[in-house]
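Structure first, then comments.
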Amino acid sequence: SARTLSFCLGCPSQALSKRWFVRSNLPRDVRFRALSGFSLHSGRSCAGQGVILARPYEKRYTSIGVSAFQCDRCGEGFASRNNLFQHLRQTSLDCGEDLAAAEGRERQPVIDTSGTLPGSAVAGSAQKPPRPPRQRATFTQACQLLWLGDIPADLASVKRLKHVLWKCDLPMPQPHIRHVQRKGYRASKAADFGAQCADPVAKSRRDWLGYAFVAFRDAAEAAEAKQLLQGREVCGGKWKIRIHDVPGDWKSSIKEPPRLEPGRDPPLGEQLFPRSVGHTKRAAAVARHCAAIGIVLEGRDEKQLATSVKSHYQQHPREEVCVHGHPLPESMVAAALHELEHTRWPPVLHRNGVGAAQYLLLYHGKCNEGYTALAKICEDILQWADHCYPCTMVAATKNYSGSPHIDSSDVRHQFAVSFGKFAQGGELCVECVSQPNKLWVVNTHNRLARVDGRAVHWVRGFDGERYSLIFFATNPADHEDLAESCSTGWIPDAVTNQ
C-alpha cells in the first residue's frame with residue numbers, strides 16, 4: 001500500500017512511510033524504535049533534531065519469556081514496544097522522569113501495582129476492571145418502527161440523529177434509535193435524487209447516504225411522526241427526511257418473558273443466589289446462609305457450599321412471614337390504576353434483564369415528557385407516604401413476575417405499591433437480612449409497603465394484570481445502612497397526622 005503513516009517524531013516534517021518501516025533493510029530490532037524528542041540510547045532530549053533511532057537492544061529472558069525490548073537506563077526487559085514506551089512515559093519511575101523533564105510534564109504519584117505480572121502490564125499503572133457485557137435493548141410488542149433514509153454521512157450516527165430529532169421539536173417523547181447504518185447506499189440511488197437534480201455531473205456522484213430504524217411507542221405515534229417529518233428539510237437543507245413504514249415481521253422475535261404460575265416462586269437456586277449479582281455479593285450470600293443454618297466453611301469451595309445450602313432449604317423450607325402494607329386512599333388507587341391502564345409505554349424497557357412486559361422509569365422532580373399525569377399521581381402518593389423521602393426515580397411496571405434481584409444502586413429503603421385485577425399471588429417476597437432463613441411475604445395490592453431493595457426480592461406469580469410503582473433513592477448523599485429488609489412498624493405521614 002502506498003498509504004503514508006505520519007509520525008510525530010520531534011520534527012513536523014518527518015513522515016515515514018509504511019513501506020519504509022516494513023521493507024527497510026535495517027535490523028528488525030531497530031525498526032519501529034523511534035521516540036518523540038527522546039533518545040533511548042542516551043536518554044537526552046532531542047526535540048527538533050529529526051528522527052533518532054535507538055540502537056538494537058540485547059534480548060534477555062524474563063519470567064514471561066524472551067524479551068526483545070530492553071530499557072538502557074534500568075535494564076528491564078519488556079515483551080513489546082508498547083510496554084517499553086509506556087514504561088518510559090511513567091514519570092513515577094526514574095526512566096520516565098528524564099523524559100518528563102525534557103517535555104515539561106509533572107511527576108506522577110507512585111501507584112501500587114502489587115500482584116501484577118512482571119512485564120505483562122505497564123509498570124506503575126493499575127489494571128482496568130473487565131468491561132461488563134453490553135445488553136441489547138428489549139423492545140415491547142406495542143412499539144412501531146420507521147425507516148429514515150437519505151441521511152448524510154456526517155449525520156449518520158446515533159448521537160447526531162438524536163440531536164436532529166430533538167431539534168425537530170416533536171410533540172412526543174424522544175424516540176428510540178434502534179440502528180444506524182452510515183453507508184447504506186449511494187446518493188445516485190436515492191429515490192428522488194434524479195428528479196430533483198438536473199446536473200449530469202451531480203447525478204453521477206458516488207456520495208454515501210445512510211439510513212436508520214427508529215422505534216416509537218405505538219403505531220399511532222409513528223404515524224404522527226411520519227406526517228410531521230416526511231419531506232422536512234433539516235440542518236439548513238442538508239438533509240431532506242425520507243420515511244417509510246417497516247413491516248411487522250420483525251416483531252415475531254419479540255416475546256414477553258415467561259410468567260410464573262399463580263402463587264409460585266422462582267427456582268430455589270435463583271432465590272438464594274440471583275444471576276444478576278456479582279461474584280463478591282454471591283460469596284457473601286453463601287457465607288451468610290451458611291452461618292444461619294450452621295454449615296462449616298473450612299475446606300469447601302463456594303460451589304459446594306451453595307449446593308449444601310440449597311439442599312438444606314429443600315428439606316427445611318424457609319419460614320414465611322406475611323406482612324400487609326398500609327391501604328392507599330380509594331381516590332389514589334382509582335386514579336393510579338386508570339392512568340397505568342392507559343399509559344403509552346416506551347418502545348423499549350428502561351431496565352433490561354427483568355421479567356416484565358413493560359418497564360418505565362420516571363425522574364422525580366424533573367420533566368417526564370409524555371408521562372406528566374402519571375408523575376403527578378406518583379408525587380401525590382409520595383407526599384401521602386413520606387414527604388421527606390429523598391426520592392430520585394419511580395419505576396412503573398406492568399406484569400412484573402419473578403426475577404430475583406438486588407437493587408445495588410439504592411442507598412436506602414424504598415416504597416412499593418401494586419394495582420390491578422389479579423389474584424392468587426402477586427406478593428412481594430423479600431429475604432430477611434438478619435435471618436436469611438426467613439422470608440418476608442408483603443401484600444402490596446392497593447397497599448404501600450416500605451421495604452429495602454438491597455436485599456434479594458422478587459414478585460410471586462399471579463393471574464391477571466398487575467401494575468406496580470416503586471419509589472427509590474440513588475443519591476449517595478442520602479445513604480442509610482441496611483438494617484432490615486421490611487419495615488413492619490412504619491406508618492405513613494398522612495395516617496400519623498390524622
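The values are calculated or read from the model by the stated rules, or taken from the named source; none is laboratory data. Please read these numbers as outputs of a predicted model, since none were measured by experiment. A quick note on method: Cβ atoms are made from the backbone with ideal geometry, for glycine too, and the neighbour counts reach across all protein chains shown. These area figures cover heavy atoms from the full protein model, side chains too; ligands, DNA and RNA do not enter into them. Shrake-Rupley method; radii C 1.70, N 1.55, O 1.52, S 1.80 Å.
From Asp410, Asp386, grab the single residue that is closer than 30 Å to Ala291 by Cβ and either open to solvent by 20 Å² or more (accessible area, probe 1.4 Å) or within 26 Å of the chain's Cα centre (by Cα) (or both).
Just a single option satisfies the conditions, and that option is Asp410.
Out of everything in segment 267-288 that is under 24 Å from Gly461 (Cβ atoms) and out of contact with any strand residue (DSSP E or B) (no Cβ under 6 Å at 6 or more places or on another chain), what residue ends up being most open to solvent (accessible area, probe 1.4 Å)?
So the residue we want is Arg275.
If only one of Gln498, Gln435 is assigned to a loop (DSSP other than H, G, I, E, B), free of Cβ contacts under 8 Å to residues at least 24 places away in the same chain, open to solvent by 10 Å² or more (accessible area, probe 1.4 Å) and out of contact with any strand residue (DSSP E or B) (no Cβ under 6 Å at 6 or more places or on another chain), which one is it?
Just a single option satisfies the conditions, and that option is Gln498.
With (1) farther than 21 Å from Ala334 by Cα; (2) modelled with pLDDT of 95 or more as the list, and Glu379 as the residue in question, which single condition is left unmet?
The one condition Glu379 does not meet is (1).
Given the conditions (1) over 30 Å from Lys303 (Cβ atoms); (2) surrounded by fewer than 16 Cβ atoms within 10 Å (Cβ to Cβ), and given that Ala222 satisfies all but one, which numbered condition is not satisfied?
Tallying (1) over 30 Å from Lys303 (Cβ atoms); (2) surrounded by fewer than 16 Cβ atoms within 10 Å (Cβ to Cβ), Ala222 fails exactly one: (2).
Scan segment 226-247 for residues that are open to solvent by 50 Å² or more (accessible area, probe 1.4 Å) and without any contact (Cβ under 8 Å) to a residue 60 or more places away in the chain and report the count.
5
How many residues, within segment 157-177, are open to solvent by 60 Å² or more (accessible area, probe 1.4 Å) and under 16 Å from Tyr371 (Cα atoms)?
Of the residues in segment 157-177, 2 are open to solvent by 60 Å² or more (accessible area, probe 1.4 Å) and under 16 Å from Tyr371 (Cα atoms).
When Leu305 is evaluated against the numbered criteria (1) open to solvent by less than 40 Å² (accessible area, probe 1.4 Å); (2) in contact with a Leu (Cβ under 7 Å, 6 or more places away or on another chain); (3) aliphatic (A, V, I, L, M); (4) not in a helix (DSSP H, G or I), which criterion, by number, is the only one it fails?
So the condition that Leu305 fails would be (4).
Do we find that Leu297 is closer than 25 Å to Ser408 by Cα, hydrophobic (A, V, I, L, M, F, W, C) and open to solvent by less than 90 Å² (accessible area, probe 1.4 Å) in this structure?
So Leu297 does not fit the description; no.
Mind listing whichever residues of segment 206-246 are among the aliphatic types (A, V, I, L, M), touching a strand residue (DSSP E or B) at 6+ places or on another chain (Cβ under 9 Å) and assigned to a helix (DSSP H, G or I)?
Ala219, Ala220, Ala222, Ala223, Ala225, Leu229
Which members of segment 273-294 meet the condition of being under 17 Å from Ser408 (Cβ atoms) and not charged (D, E, K, R)?
Passing the criteria: Phe273, Pro274, Ser276, Val277, Gly278, His279, Thr280, Ala283, Ala284, Ala285.
At least 2 residues that are touching a residue at least 60 places away in the same chain (Cβ under 8 Å) and over 22 Å from Leu260 (Cβ atoms) in each: list the strands (runs of 3 or more DSSP E) lying fully within segment 339-423 that qualify.
393-398
Kindly indicate whether any position in segment 485-495 is free of Cβ contacts under 8 Å to residues at least 40 places away in the same chain and either among the small types (Gly, Ala, Ser) or not in a strand (DSSP E or B) (or both).
Yes, the conditions are met somewhere in segment 485-495.
Residues in segment 252-270 that are within 24 Å of the chain's Cα centre (by Cα), of a type outside the set (Asp, Glu) and assigned to a helix (DSSP H, G or I): how many?
Going through segment 252-270 one residue at a time, the tally reaches 1.
Looking only at segment 360-381, filter to residues that are under 22 Å from His326 (Cα atoms) and either open to solvent by 20 Å² or more (accessible area, probe 1.4 Å) or of a type outside the set (Val, Ile, Thr) (or both); which one of those is farthest from the chain's Cα centre (by Cα)?
Asp380
When segment 457-472 is examined, which residues are found to be surrounded by fewer than 22 Cβ atoms within 10 Å (Cβ to Cβ) and touching a Pro at 6+ places or on another chain (Cβ under 8 Å)?
Gly461, Asp463
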